[in-house]
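Worksheet for the structure shown next.
Each value in this text was obtained by applying a stated rule to the coordinates, not by laboratory testing. The structure presented is a predicted model; accordingly, all values stated were derived computationally and were not measured. Using ideal geometry, Cβ is built from the backbone for each residue, glycine included, and neighbour counts are taken over all protein chains shown.
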Amino acid sequence: MTDDLYRELILDHFRNPRNKGALANPDVKVQGTNLLCGDNIELTFLVRGGKIEDIKMDSTGCSISQSSASMMTQALKGKSLTESAALTAAFKKMLLENGSADNLPEDLEELASLEGVRKYPVRVKCALLSWNTFLQGLKDFEAKADAPKK
């Protein structure tokens, strides 16, 4: 894809976010904030059979943070928790360790549009906010699942 197509894709997700809102009875509800620029996100998701059955996001902030959150919800819906964690790791590697978008699964090509963000270190935190928030939610879910039942 060209830079122009990437920019259009990011703007499309910003103007028309996918999976916007909140689930009524989620298994996980987690919030994240980027104190540097004021971006906020709340993620709610359902886990059924070890997979993310549904995921919603409610966010405010810049186009990068909101686009990334929109793309993330599309990418994670229907994936197993293990696949979701691996995808998150690959995305973070792309932005933090100069990994290649080529390491992302083919069906997640849209996420490659955020690869250029790494040229702007301040904006990397914007792109990663939803992903780091998801990881916290996943950690909370797993801790709850491992907790002894009373």
Taking the Cβ-Cβ separation of Ala22 and Ala143 as r and a Förster radius of 25 Å, what is the calculated FRET efficiency to the nearest 0.05?
0.70
Quick check: the angle from helix 81-96's long axis to the longest principal axis of the chain, C-alpha only, nearest 10 degrees?
30
In this structure, the FRET efficiency calculated for Thr82 and Thr60 from their beta-carbon separation, with R0 = 30 Å, to the nearest 0.05, is 0.45
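Order these peptides, 65-72, 53-60, 110-117, 139-146, by their mean beta-carbon neighbour count within 10 angstrom, highest first. Working shown, then result.
Working: 65-72: 27.9, 53-60: 18.8, 110-117: 21.0, 139-146: 11.8.
Answer by packing, highest mean first, reads 65-72, 110-117, 53-60, 139-146.
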Geometric extent, Cα atoms of the chain - Rg, Dmax (angstrom)
14.9, 56
Filtered pair list for segment 18-150 (Lys only, Cα < 12 Å, 8 or more apart or interchain) has a length of 7
Between Arg7 and Gln31, Cβ-based FRET efficiency (R0 35 Å, step 0.05) works out to 0.75
Which angle from 0 to 90°, rounded to the nearest 10, does the C-alpha axis of helix 63-76 make with the longest principal axis of the chain?
50
Order by protection proxy (mean Cβ within 10 Å, highest first), peptides 77-86, 126-135:
126-135, 77-86
